[in-house]
């Protein structure tokens, strides 16, 4: 039978004695346990003041009648929700928002991926790619107000878009893109796609540059052509980024207000009314803050569904 | 060493907590109307006027007041109209309105009902103010809540060159003449149209300025005893007239989402021959197109109408917050702006008409068109029935939506007016 001699581990000479966070000491000095919370307190206060309190207030408003404009609003249960959910304008806004965000997100993804692949290709020179990189990212540099003004001017019946179409013989007379109920929703969606694709492009370009060249070489050795490589190497490698970006874009686009408000104001004939513009009109035009709060809570719940998928996706990636 | 580090951590923690508490406390404080230790009162004055006046002009008027009243300081909160409106709606709801506020007549009813703006009748009595010098007061239940400081009228703007090119000798004075002139201008080619009708629903004031103005110009009214009367023959005739302009193809395309600034731009560029617009835009048009040959005229009335013509107007109104601690000082400032001399000065630089009956704007350095407009204004009467109505913007928007259905052929005029009547009655019935 052998026995091993184990040297006791001792602190080196001159080193400070290790602090032992024994339960006894913590109990003796409870203030110490609060120190981490003190460090967190600015963030906690900001989150509470800027997020928790307003959300709780809006939820509270949504269950009362005539809030804000009258001093003693009464509790009305789900009456505001019933009113909003049976309002034809709200249902139209819900449908328009669904079309607007889904078409925008798909187009952002397709355009962003196409341009990112073009900027990542070996077929173009560095200078050419640098020029296109600047051109493609330009829409992202404009503020929403500028984008709205630019597109209002371009899409005017006497604007540049109609001039080009008429010159090419594609239309006989100027199309009323924003003033025609049949084209207005597609016109604002197009402007939103134009303003939002660069963010997808930049993110996907970064992801493309992170894909190992070995994978493409191995696929080529196995006889895979360009389409096969795209489907079986590029897309699977980009999948986490694409899913995250798509969910985030759905959330952001659903909150788009300024572009719609400045381009069409929800018209003509409510064809571009979104949940955001509907809620704004309820609050600041009709002074129906209770209905506006109920609409805002419904939007919050719909957004939380998307946020849930985003968080789950993030956890899966980890 | 360890002790020092622990102390340092505690110190940082304590400082962080103190700073957080101080920040939160600062967020909750900041009563604008508090008097300083030396007795000086600072009044906050939120308005959009400063943003629309030449740089520095409004500051001079304010500085004159503070020079005369060293115990009162004025802090100007100037922002564009739309931002000011949004901020004031929010502040009124939370009872945190600045001490003195610029008001549009369309907001008064809602703010007064919320108890956000003060009854100025009482303040006038307390200050022994002679209200007979005021051209108008916006009242609710007999109490004054807003005083119009400067009025801006909306006459008919006519592009003389386009009119001449169309072979029309005189500026139209009746609806038939207007329709005829608009048809002839639209027939000249060059993509010019006779008239512009902005019906954007984000800011639906086209209903007030460009649609109901036809009604008021013929002495009509959309209300009877303060209740909506949209199915009256006069209102029907107005909407049918607008529809006839649309059916004749003389309205510039894109009207369903056109904004006021688009209308002005199209007129300035010669794409539209006639428009109803604020006098305040004369300088802008002249600046953007100095050689545009245009004039202003009274709005055409119904054929055969010989009475006085109502001319739409918008005001820079003023009110006092109900929650300010310094109502007397605030009213002193209001009475300064309404004084004969200051009001004349302010009207002159704003190119508007004074809210003080005795004030005479100085047109000597202004465009002669202002003088013409002042004559039109004096021959008719200011008309804007939306002033003082509850949810005025919402009323305009609901009428706007019904009118859009008429113009797109989806609804008859009678149905549109009946639905508007029903909608308005639920608000002001």
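The rows are residues; the columns are (1) under 23 Å from the mean Cα position of the chain (by Cα); (2) buried (at least 22 other Cβ atoms within 10 Å of the Cβ); (3) in the same structural domain as residue B:98 (by TED's automatic domain parsing); (4) under 30 Å from residue B:248 (Cβ atoms).
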residue: B:325; (1), (2), (3), (4): no, no, yes, no
residue: B:349; (1), (2), (3), (4): yes, no, yes, no
residue: B:354; (1), (2), (3), (4): yes, yes, yes, no
residue: B:409; (1), (2), (3), (4): no, no, no, yes
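As for region B:378-386, it holds no residue that is at pLDDT 90 or above, farther than 22 Å from residue B:137 by Cα and out of contact with any strand residue (DSSP E or B) (no Cβ under 8 Å at 6 or more places or on another chain).
Listed here are the residues, each with its yes/no results for (1) within 14 Å of chain A (Cβ to nearest Cβ); (2) under 18 Å from the mean Cα position of the chain (by Cα); (3) assigned to a helix (DSSP H, G or I); (4) modelled with pLDDT of 90 or more.
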{"site": "B:46", "(1), (2), (3), (4)": "no, yes, no, yes"}
{"site": "B:64", "(1), (2), (3), (4)": "no, no, yes, yes"}
{"site": "B:87", "(1), (2), (3), (4)": "yes, yes, yes, no"}
{"site": "B:102", "(1), (2), (3), (4)": "no, yes, no, yes"}
{"site": "B:106", "(1), (2), (3), (4)": "yes, yes, yes, no"}
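Is it the case that residue B:162 is buried (at least 24 other Cβ atoms within 10 Å of the Cβ) and either touching a residue at least 24 places away in the same chain (Cβ under 8 Å) or out of contact with any strand residue (DSSP E or B) (no Cβ under 7 Å at 6 or more places or on another chain) (or both)? Answer is yes for this residue. In the set (1) within 24 Å of residue B:298 (Cβ to Cβ); (2) outside any helix (DSSP H, G or I); (3) away from every other protein chain (no Cβ under 14 Å), residue B:388 fails one condition alone, (1). Selection of region B:124-170 for residues being under 17 Å from residue B:277 (Cβ atoms) and part of a strand (DSSP E or B) yields B:150, B:151, B:152, B:153, B:156, B:157, B:158, B:159. One residue stands out in region B:356-372 among those that are under 18 Å from residue B:343 (Cβ atoms) and in contact (Cβ under 8 Å) with a residue 60 or more places away in the chain: the one that is surrounded by the most Cβ atoms within 10 Å (Cβ to Cβ), namely B:356.
Looking at region A:290-317, which of the residues that are at pLDDT below 90 and over 17 Å from the mean Cα position of the chain (by Cα) is nearest to the other protein chains (Cβ to nearest Cβ)? Looking at residues that are at pLDDT below 90 and over 17 Å from the mean Cα position of the chain (by Cα), I get A:315.
Here is a yes/no grid of residues against (1) within 14 Å of another protein chain (Cβ to nearest Cβ); (2) at pLDDT 90 or above:
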site: A:18; (1), (2): yes, no
site: A:22; (1), (2): no, no
site: A:66; (1), (2): yes, no
site: A:76; (1), (2): no, yes
site: A:97; (1), (2): no, yes
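Yes or no, residue by residue, for (1) in contact with a strand residue (DSSP E or B) (Cβ under 9 Å, 6 or more places away or on another chain); (2) within 14 Å of another protein chain (Cβ to nearest Cβ); (3) modelled with pLDDT under 95; (4) within 20 Å of residue A:111 (Cβ to Cβ):
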residue: A:169; (1), (2), (3), (4): no, no, yes, no
residue: A:172; (1), (2), (3), (4): no, yes, yes, no
residue: A:176; (1), (2), (3), (4): no, yes, yes, no
residue: A:181; (1), (2), (3), (4): no, yes, yes, no
residue: A:190; (1), (2), (3), (4): no, no, no, yes
residue: A:200; (1), (2), (3), (4): no, no, yes, yes
residue: A:213; (1), (2), (3), (4): no, no, yes, no
residue: A:220; (1), (2), (3), (4): no, no, yes, no
residue: A:224; (1), (2), (3), (4): no, no, yes, no
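Restricted to region B:108-123, and to residues that are part of a helix (DSSP H, G or I) and more than 21 Å from the chain's Cα centre (by Cα), which residue is nearest to the other protein chains (Cβ to nearest Cβ)? The selected residue is B:122. Scanning region B:388-411 for residues that are within 24 Å of residue B:138 (Cα to Cα) and in contact with a strand residue (DSSP E or B) (Cβ under 9 Å, 6 or more places away or on another chain) yields B:388, B:389, B:395. In summary, residue B:289 fulfils each of the numbered conditions (1) touching a residue at least 24 places away in the same chain (Cβ under 8 Å); (2) more than 25 Å from residue A:182 (Cβ to Cβ); (3) away from chain A (no Cβ under 12 Å) with the single exception of condition (1). For the structure I just gave you, tell me whether residue B:307 is closer than 25 Å to residue B:384 by Cα and in a loop (DSSP other than H, G, I, E, B). Here the answer is yes, as residue B:307 does meet what is asked. The condition of being in contact with a helix residue (DSSP H, G or I) (Cβ under 7 Å, 6 or more places away or on another chain) and buried (at least 17 other Cβ atoms within 10 Å of the Cβ) holds for residue B:140.
The residue pairs whose first member lies in region A:242-260 and is free of Cβ contacts under 8 Å to residues at least 60 places away in the same chain, whose second member is part of a helix (DSSP H, G or I), and whose beta carbons are closer than 6 Å, counting only pairs six or more residues apart or on different chains, are A:251/A:303; A:251/A:306; A:257/A:276. When restricted to residues that are in contact (Cβ under 8 Å) with a residue 40 or more places away in the chain and either surrounded by 24 or more Cβ atoms within 10 Å (Cβ to Cβ) or over 21 Å from residue B:410 (Cβ atoms) (or both), region A:162-186 contains 3. Test residue A:52 against the criterion of being in a helix (DSSP H, G or I) and either in contact with a strand residue (DSSP E or B) (Cβ under 9 Å, 6 or more places away or on another chain) or within 9 Å of chain B (Cβ to nearest Cβ) (or both), and give yes or no. No; evaluated as a whole, the condition is false for this residue. Only residues that are facing chain B (nearest Cβ under 8 Å) and surrounded by 24 or more Cβ atoms within 10 Å (Cβ to Cβ) were counted in region A:266-276, giving 3.
Could we say that residue B:198 is more than 22 Å from residue B:260 (Cβ to Cβ), touching a residue at least 60 places away in the same chain (Cβ under 8 Å) and either surrounded by 22 or more Cβ atoms within 10 Å (Cβ to Cβ) or within 14 Å of another protein chain (Cβ to nearest Cβ) (or both) here?
Details: more than 22 Å from residue B:260 (Cβ to Cβ): no; touching a residue at least 60 places away in the same chain (Cβ under 8 Å): yes; either surrounded by 22 or more Cβ atoms within 10 Å (Cβ to Cβ) or within 14 Å of another protein chain (Cβ to nearest Cβ) (or both): yes.
Spelling it out, it is not the case that residue B:198 is more than 22 Å from residue B:260 (Cβ to Cβ), touching a residue at least 60 places away in the same chain (Cβ under 8 Å) and either surrounded by 22 or more Cβ atoms within 10 Å (Cβ to Cβ) or within 14 Å of another protein chain (Cβ to nearest Cβ) (or both).
The values are calculated or read from the model by the stated rules, or taken from the named source; none is laboratory data. Keep in mind that what you see is a predicted model, and the values were worked out from it rather than measured. Quick reminder, even Gly has a Cβ in these numbers, built from the backbone with ideal geometry, and neighbours come from all protein chains shown.
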